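The values are calculated or read from the model by the stated rules, or taken from the named source; none is laboratory data. Bear in mind the structure is a predicted one, so any value in this text is a computation, not a measurement. Here the Cβ is made from the backbone with ideal geometry for all residues, glycine too, and neighbour counts use every protein chain on show. The protein model used for the area step is the full one, side chains on, heavy atoms only, and it has no ligands, DNA or RNA in it. Shrake-Rupley method; radii C 1.70, N 1.55, O 1.52, S 1.80 Å.
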Amino acid sequence: MITAGLRTDTTGTTGAAYDQVSGGTNGAQAYLQLVDFVGTSVDVKVRHCTTSGGTYADLIDFGSQTGVCSVRGSVSGTVNEFLKVVTSGTFTYATFAVAFMLNGSAVSF
C-alpha cells in the first residue's frame, strides 16, 4: 500500500513520499479503490522521483473518476524509488486506497 490504509482527501492533495527502497526498470502496476466519493470528479495519480525532495513526474494516472470504483493502472520501463499519491479535481471528499507493485522482472499483460 502506498496510502496508509484508507485516505480521505477533501481537496486536491499531494501525499507524503513513500520510499520503496529501490526503483526498477521492469514497470509496475497500481490499484485504486475509491470507496466513498462526493463531488464532480477526482483524478488520482501515482507520481515518482529519484529523491524524496526532488521533482516528481506522473507515473500512473487512474483518470477522472466520478463515483465509487476500482481501477488498475500499469506502466512499463523505469520506476523511480520514491512515490507520491496525488489527487486533483472538484470534490467535497474522496476516500480511497492505492496499492502498488513494482515488477521484479519484465511482465506482459
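Worth a mention:
- Any hit, the range 52-71, residues being more than 10 Å from the chain's Cα centre (by Cα) and under 17 Å from Ala4 (Cα atoms): no
- Residue that is farthest from Gly104 (Cα to Cα) [pool: residues in the range 28-80 that are outside any strand (DSSP E or B) and touching a His at 6+ places or on another chain (Cβ under 8 Å)]: Tyr56
- Residues that are in contact with an Asp or Glu (Cβ under 8 Å, 6 or more places away or on another chain) and surrounded by 17 or more Cβ atoms within 10 Å (Cβ to Cβ) within the range 62-82 comprise Phe62, Gln65, Gly73, Glu81, Phe82, listed in sequence order.
- Considering Gly104, Gly89, the condition of being of a type in the set (Gly, Ala, Ser) and either open to solvent by less than 60 Å² (accessible area, probe 1.4 Å) or in a strand (DSSP E or B) (or both) is satisfied by Gly89 alone.
- Residue match in the range 92-100 (condition: small (Gly, Ala, Ser), part of a strand (DSSP E or B) and open to solvent by 70 Å² or more (accessible area, probe 1.4 Å)): no
- Criterion: β-branched (Val, Ile, Thr) and farther than 12 Å from Asp9 by Cβ - qualifying residue of Val86, Val107: Val107
- Residue tally, condition of a type outside the set (S, T, N, Q) and either at pLDDT below 95 or open to solvent by less than 40 Å² (accessible area, probe 1.4 Å) (or both), over the range 37-61: 12
- Once the range 13-25 is narrowed to residues that are in a strand (DSSP E or B) and open to solvent by less than 80 Å² (accessible area, probe 1.4 Å), the residue that is farthest from Thr51 (Cα to Cα) is Gly24.
- Residues within the range 26-36 that are under 18 Å from Thr13 (Cβ atoms) and open to solvent by 30 Å² or more (accessible area, probe 1.4 Å), tallied: 3
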